[in-house]
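Visitor: Shown below is the structure under consideration.
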Amino acid sequence: MVKRTGVTKGVKFIAIAGMLALYLTFGASVAKPSYAGGKGKIAFCNFQKAAKESRTGKKLLDGLKKDLQTKSRSLEDKKNRLERLKSDLNKKSKVMDESLKKQKEEEYFKSMRDFQRLREDVEADLKKKEMEFTRTMMRKLQKVVLKIGVEDGYDVIFPKETSAYFSEKLDITDQVIKALDRSSK
């Protein structure tokens, strides 16, 4: 049984979106749908740019960065203490009796395991927060894009990230950023 990874699903999504974009760009002109007089109104949006450059995105990213800095400092402090402990152990191990040496080595290895667990916990927490950021921004972006699509009469709005080429005049990213900023006031 083949296990699907997030990458495989992402590649499949991009391939399908790309084929759909090609169809709408080239195939739709051959099929000439009657609902739009033969021309569908399409647009593209760079969702990553919108997420990072909007006030909402910047605010959420700043919180994520502050959290990362705090946790990085904490990890760095613990790493420095661990290095000092190892250095002291190396310097003094030749003059220590065996039982004390063994006790200090066990203390060092316990501290090393604790540090590794803490680092793994911090990495997992940051990944979780990044996922929350992405989920929150995508929900907000979907609402804004839906509103723009309906109000401006678009038949479809594609993510720019899935397109090999499109005319810049079809890019509504700046409009999405402005609408997102207005909606978050």
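The values are calculated or read from the model by the stated rules, or taken from the named source; none is laboratory data. Quick caveat: nothing in here was measured; it's all calculated off a predicted structure. FYI the Cβ positions are ideal-geometry reconstructions off the backbone, even for glycines, and counts take in every protein chain you see.
Visitor: Can you name every residue in the stretch 77-99 that is surrounded by 10 or more Cβ atoms within 10 Å (Cβ to Cβ) and either under 22 Å from MET131 (Cα atoms) or of a type in the set (Asp, Glu) (or both)?
Guide: Residues satisfying the conditions are ASP77, GLU83, ASP88.
Visitor: Right, next: In the stretch 129-178, what residues are part of a loop (DSSP other than H, G, I, E, B), surrounded by 13 or more Cβ atoms within 10 Å (Cβ to Cβ) and of a type in the set (Phe, Trp, Tyr)?
Guide: Residues of the stretch 129-178 part of a loop (DSSP other than H, G, I, E, B): 153-155, 163-167, 172.
With surrounded by 13 or more Cβ atoms within 10 Å (Cβ to Cβ) added as a condition, the list becomes 154-155, 163, 166, 172.
Selection gives TYR154, PHE166.
Visitor: While we're looking at this one, here's another question. Determine, yes or no, whether SER184 is loosely packed, with under 15 Cβ neighbours inside 10 Å, touching a Lys or Arg at 6+ places or on another chain (Cβ under 7 Å) and modelled with pLDDT under 90.
Guide: yes
Visitor: Continuing with the same structure: Taking the stated definitions as given, is LYS110 of a type in the set (Lys, Arg) and touching a residue at least 12 places away in the same chain (Cβ under 8 Å)?
Guide: Values: of a type in the set (Lys, Arg): yes; touching a residue at least 12 places away in the same chain (Cβ under 8 Å): no.
Taking the combined requirement at face value, the residue does not satisfy it.
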